1. Among the residues of the range 119-136, is any in a strand (DSSP E or B) and basic (Lys, Arg)?
2. Exactly one of (1) on the phi > 0 side of the Ramachandran plot; (2) without any contact (Cβ under 8 Å) to a residue 40 or more places away in the chain; (3) touching a strand residue (DSSP E or B) at 6+ places or on another chain (Cβ under 7 Å) is unmet by residue 285. Its number?
3. For the range 197-241: of the residues being acidic (Asp, Glu) and not in a strand (DSSP E or B), which is modelled with the lowest pLDDT?
4. Counting only residues that are surrounded by 15 or more Cβ atoms within 10 Å (Cβ to Cβ) and in contact with a strand residue (DSSP E or B) (Cβ under 9 Å, 6 or more places away or on another chain), which one in the range 113-131 is nearest to residue 157 (Cα to Cα)?
5. Kindly provide the set of residues from the range 228-269 that are over 24 Å from residue 83 (Cβ atoms) and acidic (Asp, Glu), ordered by number.
6. Any idea how many residues of the range 137-168 are in a strand (DSSP E or B) and either of a type outside the set (Val, Ile, Thr) or without any contact (Cβ under 8 Å) to a residue 12 or more places away in the chain (or both)?
7. Identify, by number, the condition in (1) outside any strand (DSSP E or B); (2) without any contact (Cβ under 8 Å) to a residue 40 or more places away in the chain; (3) touching a Ser or Thr at 6+ places or on another chain (Cβ under 6 Å) that residue 100 doesn't meet.
Amino acid sequence: MVSLQFYGVRGSHPVADAKMARYGGNTPCVVLLKTNRAGLKVPVILDAGSGLIPLGYCMASKFFTHEYSQIFSIMFTHLHPDHTEGFNFFTPNFFSFCTIYLMGMQTLKRHVGIILKEKMVPPTFPIEYKDLKSNKEHRILHDGQVFHIDQNGRPSAKTDQPLFIIHVMQAFAPSHPQQGALYYKIVDPDDNTAIVCVWDIESHIGGDVRVINFAQGADVLIHDTMYTDEEYVNPKTPVQGFGHSTYSMAIENAEKSGVKYLIPFHYNPRHNDDFLDAVRKKYQNKHAFSFIMSYEGLELTFDKGNIIRQADVKQGFSP
C-alpha cells in the first residue's frame with residue numbers, strides 16, 4: 001500500500017488569507033510514503049515549495065520516533081521559486097544523519113544542487129548551502145528514464161524488490177517553463193498502483209497526446225488546473241502561453257488516459273475556498289473517474305489502485 005499526502009497545492013506564490021485556509025496557501029509539495037521491510041516509512045517527495053516546510057517539521061518528529069527513513073528523495077518538476085522556496089527552511093537539512101537525494105533535470109548546464117546553492121548566498125540569506133548539515137546527493141534525470149527507489153530509500157538504476165519504480169517524462173515548452181519540466185509516474189510494484197504527477201504544463205484543447213500516453217492505464221492523475229476556461233480565453237487578461245492548464249484540459253487528459261482518479265492541483269493563488277468549492281460542485285460525479293480536489297492535509301491510501309482510506313494529515317507548526 002502507498003500513501004499520498006498533500007502539503008502544498010497552490011501555484012505561483014504562497015497566499016496567507018483566511019478565505020483560502022481550507023484548501024491551503026502553500027506552494028507545491030506532495031509526498032508518497034511506503035513502509036519498507038525494516039518497518040520504516042520511506043518518503044518520496046515531489047517539489048520543494050513552501051509546503052515542504054510543514055512537511056519537514058513532521059518528518060523531524062518521525063525521525064526521533066523511528067517511524068521515517070532518514071534516507072529519502074526529493075524529485076523536482078522544475079526549478080522555479082514556487083517549487084524550491086521551501087528547501088531553505090526544510091528541517092531535515094539541519095540533521096547530519098539525513099541523506100537527501102535531490103533529483104531533477106539539468107537546466108542551462110546547471111543541476112538542482114547548483115540552483116539551490118545560488119538561492120542561499122549572502123546578503124540575501126543568512127547561511128550558505130554548504131552549511132546545511134544533511135548529506136546531499138544530486139542526480140540529473142532525463143526524458144524516458146526509469147529508475148527504482150530501493151528498500152533503504154536510495155534511488156538506483158535497478159534493484160531487487162524496489163519500493164517504487166519511477167518513470168520520467170520531460171516536456172519541452174516554448175513558454176513557462178522555458179526549458180521544460182519533468183513529469184513523473186510513480187508505481188508501487190507490489191500492487192501496481194500508479195500515480196502520475198503532471199503540473200506546470202499547458203495542455204491542449206482536445207488533450208495532450210504525450211501526457212495521455214504517459215498516464216495510460218494509471219490509477220491517479222494529479223494535474224495542473226491553474227485556470228478556468230473563462231480565464232484562459234479572457235481577451236482582457238489572456239493567459240494562453242503562460243504554461244498552465246484549465247480544468248477542462250485536465251479532464252480531457254484524464255478521460256483519454258483512462259485513470260480512476262483525477263486530482264486537480266497547482267491552484268491559482270487568486271482562487272479562494274468558495275471559488276474552489278464551486279469548481280468541485282461543477283465537475284464532481286460527472287465523469288467515469290472520481291474527481292477529488294486536493295487540499296493541504298489530504299491523505300489518500302491506495303491498495304491495488306483503489307482508495308481504501310481518505311483522511312486528514314495533521315498540519316501546522318507546533319511540535
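The values are calculated or read from the model by the stated rules, or taken from the named source; none is laboratory data. Values in this document were obtained by computation on a predicted structure and should not be read as measured data. Backbone-built Cβ (ideal geometry, glycine too); neighbour counts: all protein chains shown.
1. Step one: of the range 119-136, the residues in a strand (DSSP E or B) are 135-136.
Imposing the further condition that a residue be basic (Lys, Arg) reduces the set to 136.
Taking every residue of the range 119-136 in turn, at least one turns out to be in a strand (DSSP E or B) and basic (Lys, Arg).
2. (3)
3. Of the range 197-241, the ones acidic (Asp, Glu) are 200, 202, 208, 219, 224, 229-231.
Within this subset, residues satisfying the condition of being not in a strand (DSSP E or B) are 200, 202, 208, 219, 229-231.
Details: 200: 93, 202: 89, 208: 92, 219: 98, 229: 94, 230: 94, 231: 95.
Top of the filtered list is 202.
4. The residue in question is 113.
5. Those that are over 24 Å from residue 83 (Cβ atoms) and acidic (Asp, Glu): 229, 230, 252, 255.
6. 9
7. (1)
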